[in-house]
Amino acid sequence: MEVVIVGSDAQAGQVVADAVTQAMAAGARTLGLATGSSPLSAYRELARRHRDDGLSFAALQAFLLDEYVGLTADHPQSYAAVIRAELVDHVDLDVGRVHSPDGAAPDVLAEALRYDELISSTGPIDVQILGIGANGHVGFNEPGSSLASRTRIKTLTEQTRRDNARFFEGGLAQVPRHVITQGLGTIRGARHLVLTVSGEHKAAAIAAAVEGPVSASCPASVLQLHPHVTVVTDEAAASRLRHADYYRYVVEHKLLEQGY
Ligand code: GLP
């Protein structure tokens, strides 16, 4: 696991965008996208590279991690709508090639299966961008999630609903209780996992994910079982990492070479 400790949100965005750009240059066809505030600087940087450098996403397909049950794709807080507004509208990614679970499907259990099979038959996902919840969730795999889980329905914890209430006009009461999320086993199928995190409130979660035991109690700890993971963290989120100095030492020369 490569842990890159950065000094700013913009720098985090560059490191994540570099991972995506390098994978695209090497022939990547499939991107995994996450919502939440953590990947926004990366999406801004990818949009800038599209605008200024002609980076093209036209040949790519993309898969979202998760979706709220009960929200249609045109609801402004559905993840399908959020990813359109934050990334797809600013690059040449064909919206018809951006896949997400349909949270308003009449049979959400069948929808979860359909989505998982679509990923299996189209994938593997070349680069999967991830954030992390304050309780260690990835996608919406809350603590207790099987490390081998596939796409399915999950019930959100109250903490996650409260954390996400800031995005909903009506606050907590409007945050759905259920979601469709790629499972941890599904996420592990991607070739390169790139997790981006910032802020003191995520420090315990990222320490547990990177240095704690591999455990369903911290779903993001499943990353330790993956052969190719990059964690991009600011100083505040890195503040509880015991081996932070070593991670800095390892990436120092590489980052210098790349001009950061
Ligand atoms: C949601 C998403 C996750 C995301 C998490 C953290 O729960 N389902 O994919 O990682 O929020 O969000 P933020 O980056 O806004 O803290």
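The values are calculated or read from the model by the stated rules, or taken from the named source; none is laboratory data. On a predicted model such as this, the values are computed, not experimentally measured, just so you know. We place every Cβ from the backbone using ideal geometry, glycine too, and count neighbours over all the protein chains shown. Surface areas here come from the heavy atoms of the whole protein model, side chains and all, with no ligands, DNA or RNA. Shrake-Rupley method; radii C 1.70, N 1.55, O 1.52, S 1.80 Å.
Tabulated results
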{"quantity": "Residue in segment 65-84 that is open to solvent by less than 30 Å² (accessible area, probe 1.4 Å), away from the ligand (no atom under 16 Å from the Cβ) and under 30 Å from THR155 (Cβ atoms) present", "calculated": "no"}
{"quantity": "Where SER56 falls short, out of the listed (1) of a type in the set (Ser, Thr, Tyr); (2) within 16 Å of the ligand (Cβ to nearest atom); (3) surrounded by fewer than 18 Cβ atoms within 10 Å (Cβ to Cβ)", "calculated": "(2)"}
{"quantity": "Subset of segment 115-129 (residues that are out of contact with any helix residue (DSSP H, G or I) (no Cβ under 7 Å at 6 or more places or on another chain) and under 16 Å from VAL179 (Cβ atoms))", "calculated": "TYR115"}
{"quantity": "Whichever residue in segment 20-40 is touching an Asp or Glu at 6+ places or on another chain (Cβ under 7 Å) and either in a loop (DSSP other than H, G, I, E, B) or of a type in the set (S, T, N, Q) (or both) and, among such residues, is most open to solvent (accessible area, probe 1.4 Å)", "calculated": "ARG29"}
{"quantity": "Residue in segment 174-183 that is within 11 Å of the ligand (Cβ to nearest atom), more than 23 Å from HIS243 (Cβ to Cβ), open to solvent by 60 Å² or more (accessible area, probe 1.4 Å) and touching a residue at least 40 places away in the same chain (Cβ under 8 Å) present", "calculated": "no"}
{"quantity": "Where LEU147 falls short, out of the listed (1) within 12 Å of the ligand (Cβ to nearest atom); (2) under 24 Å from ALA110 (Cα atoms); (3) surrounded by fewer than 18 Cβ atoms within 10 Å (Cβ to Cβ); (4) of a type in the set (A, V, I, L, M, F, W, C)", "calculated": "(1)"}
{"quantity": "Enumeration of residues in segment 26-43 that are under 14 Å from LEU93 (Cα atoms) and not polar (S, T, N, Q)", "calculated": "ALA28, ARG29, LEU31, GLY32, LEU33, TYR43"}
{"quantity": "Answer from ILE119, ILE125 - the residue that is under 14 Å from the mean Cα position of the chain (by Cα) and either surrounded by fewer than 23 Cβ atoms within 10 Å (Cβ to Cβ) or of a type outside the set (S, T, N, Q) (or both)", "calculated": "ILE125"}
{"quantity": "Filter result (surrounded by fewer than 16 Cβ atoms within 10 Å (Cβ to Cβ) and touching a strand residue (DSSP E or B) at 6+ places or on another chain (Cβ under 8 Å)) within segment 203-241", "calculated": "HIS228, GLU235"}
{"quantity": "Count of residues meeting criterion [open to solvent by 10 Å² or more (accessible area, probe 1.4 Å) and either in contact (Cβ under 8 Å) with a residue 40 or more places away in the chain or within 16 Å of the chain's Cα centre (by Cα) (or both)] in segment 1-11", "calculated": "7"}
